[in-house]
Amino acid sequence: MSARIGLSGLVSGLFVLSIALLIWQHFGMNKSLLIDVNTTLPISTSDDRFDGGGSIAMVRKTEQSLQLNCQMSEKYEWPYCEIGILLSPAPNGIDLRSFDNIRMKLSYKGPGKHRVRLFLRNYNPAYSTLKESTSWKLNEIQFIVEDGVDLSLPLHKFNVASWWLADKNIPLDHYGVDLSNVPLMIISTGGNKEAGSHQIDVEYIEFQGKTIRREDLLMGILVLWSVLAIGVLINMLYQLHQRLNLIRSEASQLVVANASLKEEKQRITDQAKLDPLTQVRNRSGIRNDIAREMANATEFSPLSMIICDIDHFKAINDTFGHGVGDEVLMKFAKTLSSHVRHGDYVVRWGGEEFVLFLPHTKPEQALQIAENLRQTIEESRWPSKTTLTASFGVAVIGPEGFSKAMEAADMALYAAKKAGRNRVELAKP
Ligand SMILES: Nc1nc2c(ncn2[C@@H]2O[C@H](COP(=O)(O)OP(=O)(O)OP(=O)(O)O)[C@@H](O)[C@H]2O)c(=O)[nH]1
């Protein structure tokens, strides 16, 4: 919850910051480079006499302007006079790319059209040499001066003089306007061939721009939003990873708990199948096993059963008490269990009566087992030095079913009891 509040706070904060920066950039963040009569930059003149012409240029500072006086002669095909202002000594010019506009106030007196050219010469070692300033790229713009009117020239309107490109054999890669390293600015008469006196007054020239360009600011804001988005994404992945780990650990705890519950359930189920006193099976604990053994039994490999009942057990209880009676029952069960095979079943059927189920055992074999048990019981030592005997009824669980076999075994037991006890009887077919 608090992370969500933190995130929405961050998004709102960044949104407000972005808007504030854009507004500030639009109305503020201004920078300028002003050149007027007070400039300390080195100023020079040149004219077409260098090219064989006869025009004479002179510059002076008046109270309000830099003044170019030009005695234009028609001797040269393209007569001109110009003022050069050294912005910075080559090869280190100034970078004008962060400016986007030039404001200026000029006035022009003289015959013909009052055209003026502004050159921004760019130095680049790829095509420029220090000695020859004509090798510096000729970025130019031409305009007509209206006296006393402020002019505004966007820098993107400049182009490179085509005659200069041809004259200097400039490779195609360098054809475009380049204002990244400008040492020299030139104000020149522009294509006006009328002979006579021409006067250009430069009141000021101001390069205007923004300390941060709109494109750069937008890029910066985009980067900020991208960083935020990536941060949020990484945080979400981290949170998901943490939750996944938590779920995994909870799942493994559940697996452990489930396994121990299963164990406990199995223990309780097993316990429920046992007689609590003697720890042999009880009746309900044998049901499924007997059903299975009956299904597996065949005529040649039958399932036999022996019912055995302690003789005169009541007398033991009466003589020695129930505690001794219990001890006798426990030892009796142990004796039965230790004298049958693994895979046979010993069940306390109730009171002092036990039933043995013997898979894959024929009646004569069951009879022999019962006889062995009878002898063992008779010969064993019993608690309180009492003597003990038991009677046995043997039967086979045949196709007639369990109840019939149980009935037959019970009758055999009854016969054994009737015949004097401590005997084994086989059920009548
Ligand atoms: N100590 C003890 N006695 C039990 C338990 N279950 C049954 N008895 C006793 O076992 C005795 C069984 O007596 P009877 O059914 O008369 O049989 P008997 O005395 O063995 O006589 P016969 O079977 O005819 O030889 C009763 O006194 C029951 O109280 C038990 O868990 N512990």
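The values are calculated or read from the model by the stated rules, or taken from the named source; none is laboratory data. Since we're looking at a predicted model, the values are computed, not measured. We place every Cβ from the backbone using ideal geometry, glycine too, and count neighbours over all the protein chains shown. All accessible areas refer to the heavy atoms of the entire protein, side chains included, with ligands and DNA or RNA removed. Shrake-Rupley method; radii C 1.70, N 1.55, O 1.52, S 1.80 Å.
As an exercise: evaluate Asn372 against (1) more than 16 Å from the ligand (Cβ to nearest atom); (2) surrounded by 18 or more Cβ atoms within 10 Å (Cβ to Cβ) and give the number of the one condition it does not meet.
The single condition Asn372 does not satisfy is (2).
Being of a type outside the set (S, T, N, Q) and closer than 22 Å to Phe207 by Cα is the filter here, so list the residues in the stretch 34-58 that pass it.
Of the stretch 34-58, the ones of a type outside the set (S, T, N, Q) are 34-37, 41-43, 47-54, 56-58.
Within the stretch 34-58, Leu34, Ile35, Asp36, Val37, Leu41, Pro42, Ile43 meet the criteria.
So, in the stretch 146-169, exactly how many residues are open to solvent by 70 Å² or more (accessible area, probe 1.4 Å), assigned to a loop (DSSP other than H, G, I, E, B) and farther than 23 Å from Asp201 by Cβ?
1
Would you please list the contacts, defined by Cβ atoms under 7 Å and residues six or more apart or on different chains, that run from a residue in the stretch 409-422 that is assigned by TED's automatic domain parsing to the domain that holds Phe357 to a residue that is open to solvent by 40 Å² or more (accessible area, probe 1.4 Å) and part of a helix (DSSP H, G or I)?
From residues that are assigned by TED's automatic domain parsing to the domain that holds Phe357, the pairs are Asn422/Glu378.
Answer with yes or no whether Gly350 is on the phi > 0 side of the Ramachandran plot, modelled with pLDDT under 95 and within 16 Å of the ligand (Cβ to nearest atom). Before you say what the answer is, go through the steps one by one.
Details: on the phi > 0 side of the Ramachandran plot: yes; modelled with pLDDT under 95: yes; within 16 Å of the ligand (Cβ to nearest atom): yes.
Considered against the rule, which asks whether it is on the phi > 0 side of the Ramachandran plot, modelled with pLDDT under 95 and within 16 Å of the ligand (Cβ to nearest atom), Gly350 comes out as yes.
So, Asp318, is that one acidic (Asp, Glu) and within 8 Å of the ligand (Cβ to nearest atom) or not? Break it down into steps so the answer makes sense when it comes.
On the way: acidic (Asp, Glu): yes; within 8 Å of the ligand (Cβ to nearest atom): yes.
Criteria met by Asp318.
Counting only residues that are of a type in the set (Val, Ile, Thr) and assigned to a helix (DSSP H, G or I), which one in the stretch 205-232 is least open to solvent (accessible area, probe 1.4 Å)? Give the steps one after another, and end with the answer.
Kept after step one, since they are of a type in the set (Val, Ile, Thr), are these residues of the stretch 205-232: 205, 211-212, 221, 223, 227, 230, 232.
Narrowing the set further to residues that are assigned to a helix (DSSP H, G or I) leaves 221, 223, 227, 230, 232.
Details: Ile221: 18, Val223: 77, Val227: 93, Ile230: 97, Val232: 38 Å².
Across the stretch 205-232, the extreme among qualifying residues is Ile221.
May I ask you to say which residue of Ser338, Ser301 is among the small types (Gly, Ala, Ser), open to solvent by less than 80 Å² (accessible area, probe 1.4 Å) and more than 16 Å from the ligand (Cβ to nearest atom)? Outline the logic, then answer.
Values: Ser338 fails: open to solvent by less than 80 Å² (accessible area, probe 1.4 Å).
One residue alone meets the criteria, Ser301.
Among Asn258, Asn282, Asn317, which is in contact (Cβ under 8 Å) with a residue 40 or more places away in the chain and not aliphatic (A, V, I, L, M)?
Working: Asn258 fails: in contact (Cβ under 8 Å) with a residue 40 or more places away in the chain; Asn317 fails: in contact (Cβ under 8 Å) with a residue 40 or more places away in the chain.
Step by step, each of Asn258, Asn282, Asn317 is checked, and only Asn282 is in contact (Cβ under 8 Å) with a residue 40 or more places away in the chain and not aliphatic (A, V, I, L, M).
So which of Leu172, Leu138, Leu179, Leu184 is of a type in the set (A, V, I, L, M), modelled with pLDDT under 95, closer than 25 Å to Ser98 by Cα and in the same structural domain as Ile85 (by TED's automatic domain parsing)? Write out each step before concluding.
Working: Leu138 fails: modelled with pLDDT under 95; Leu179 fails: modelled with pLDDT under 95; Leu184 fails: modelled with pLDDT under 95.
Every option except Leu172 fails the conditions.
Considering each of Ser88, Ser12, Ser8, Ser18 in turn, give the residue that is surrounded by 14 or more Cβ atoms within 10 Å (Cβ to Cβ), closer than 30 Å to Ile221 by Cβ, within 60 Å of the chain's Cα centre (by Cα) and of a type in the set (S, T, N, Q). Walk me through it before giving the result.
On the way: Ser88 fails: closer than 30 Å to Ile221 by Cβ; Ser12 fails: surrounded by 14 or more Cβ atoms within 10 Å (Cβ to Cβ); Ser8 fails: surrounded by 14 or more Cβ atoms within 10 Å (Cβ to Cβ).
Going through Ser88, Ser12, Ser8, Ser18 in turn, the sole match is Ser18.
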